[in-house]
Amino acid sequence: MRLFEAIIDANHRAVAGDANAGLHPADFAEALPVVALTCIDPRLNALFPNALALPTDQFIWLRNAGNVITGPMSSTMRSLALACAIKGGREIAIIGHTDCQVAKTPTMKLLDELQALGVDRRRLPDNVADFFGTFVSERPNVIKACEFVRQSPLIGPKIPVHGLMIDTGTGKLDWVVNGYEAWSMPAKPDMIDFAKSSGTAIGSPGSLGDFHYGEMKFPDGRIGDASTAFVPASAKPASATAPPPLPSMKPQSPPPPKQAKVSAPPTIRPPTPRY
């Protein structure tokens, strides 16, 4: 049993009333400390790290409003990366919670609240929802955050990225994203080819050659939208209605090889919780 599997098991037994439920952190020394991103909701103060059965010195706690990550190179990603590189974090957990007020605050209400505090709307970004990372449902928000962490070049593939939900009333933890399953997925050939072309293998230390992070482009689609693979224009087949070429006595050059479609990265899907 791995660290977060043991944590979930101990948590469920404790919530069910098992007075002997607990964790032996020494048995999971290679997976500690844990880096956790949670919301700033004060109700969580009494729950962490107790709900994970971890000692405070093995729990690196990062917080922001709504446990939101807005992109693979966001400021929150910078903190997660430094927590792993400098503080020695071995596993990452994005932990959402029930009854999150960020999810319950529509954009117009947020603007009204900011205006009441004296904030000039004209000085805010045009797309307030994107800037603040507001969302309408806690679980998809956790999944989206896990996807951004897994996509980020700042986090190595050896770091499992988990998504969890905690009930603020009972302290019960449930899986949203099992990072061990996502972590164990083999890299697709097209991703390996990309890594080779950039001058490094996936997960290997060192420079990415001439590749610059600022050149990276990430999709703007939202969780739940249909996923489609990007196909370069040069790889699209010719129209089926195009007329056939006229016969010629000259030898015809062989057609250029078709370019393979670039597959979209695998979507991290939440496993079914085991009770």
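The values are calculated or read from the model by the stated rules, or taken from the named source; none is laboratory data. This structure is a prediction, so every number in the text was calculated from the model and none was measured. Positions of Cβ are generated from backbone atoms using ideal geometry, with glycine treated the same way; all protein chains shown enter the neighbour counts.
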- Selected residue (criterion: farthest from Ile166 (Cα to Cα)) from residues of region 4-21 that are small (Gly, Ala, Ser) and within 28 Å of the chain's Cα centre (by Cα): Ala6
- Item | Any pair with Cβ under 9 angstrom, 6 or more apart, that starts in region 46-61 at a residue that is assigned to a helix (DSSP H, G or I) and ends at one that is of a type in the set (D, E, K, R) | Ala51/Lys172
- Go through region 108-153 and give me each residue that's of a type in the set (Val, Ile, Thr) and either over 17 Å from Gly71 (Cα atoms) or at pLDDT 95 or above (or both). Val119, Val136, Val142, Ile143, Val149
- Test result for Gly163, outside any helix (DSSP H, G or I) and surrounded by 15 or more Cβ atoms within 10 Å (Cβ to Cβ): yes
- Filter region 147-160 for residues that are polar (S, T, N, Q) and crowded, with 21+ Cβ neighbours inside 10 Å and give the result. Ser152
- Out of (1) in contact with a Gly (Cβ under 9 Å, 6 or more places away or on another chain); (2) assigned to a loop (DSSP other than H, G, I, E, B), what's the single condition that is false for Val176? (2)
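Residue-by-condition table, conditions (1) surrounded by fewer than 17 Cβ atoms within 10 Å (Cβ to Cβ); (2) free of Cβ contacts under 8 Å to residues at least 24 places away in the same chain; (3) part of a strand (DSSP E or B); (4) not hydroxyl-bearing (Ser, Thr, Tyr):
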site	(1), (2), (3), (4)
Leu37	no, no, yes, yes
Arg43	yes, no, no, yes
Val68	no, no, no, yes
Ile92	no, no, yes, yes
- Could you look through region 103-141, keep only residues that are part of a loop (DSSP other than H, G, I, E, B), touching a Leu at 6+ places or on another chain (Cβ under 9 Å) and β-branched (Val, Ile, Thr), and pick out the one that is nearest to Asp167 (Cα to Cα)? Thr134
- Message: If Thr168 meets every condition in (1) among the polar types (S, T, N, Q); (2) out of contact with any His (no Cβ under 8 Å at 6 or more places or on another chain); (3) under 19 Å from Thr105 (Cβ atoms) apart from one, which number is that one?
- Response: (2)
- Note on region 7-29: residues of a type in the set (Gly, Ala, Ser), under 21 Å from Thr56 (Cβ atoms) and out of contact with any helix residue (DSSP H, G or I) (no Cβ under 7 Å at 6 or more places or on another chain) are Ala10, Ala14, Ala26, Ala29
- Query: Under the condition of being of a type outside the set (A, V, I, L, M, F, W, C) and touching a strand residue (DSSP E or B) at 6+ places or on another chain (Cβ under 6 Å), which residue from region 95-109 is farthest from Lys144 (Cα to Cα)?
  - Reply: His97
- Item | Hits in region 1-26 (condition: exposed (fewer than 12 other Cβ atoms within 10 Å of the Cβ) and part of a helix (DSSP H, G or I)) | Ala26
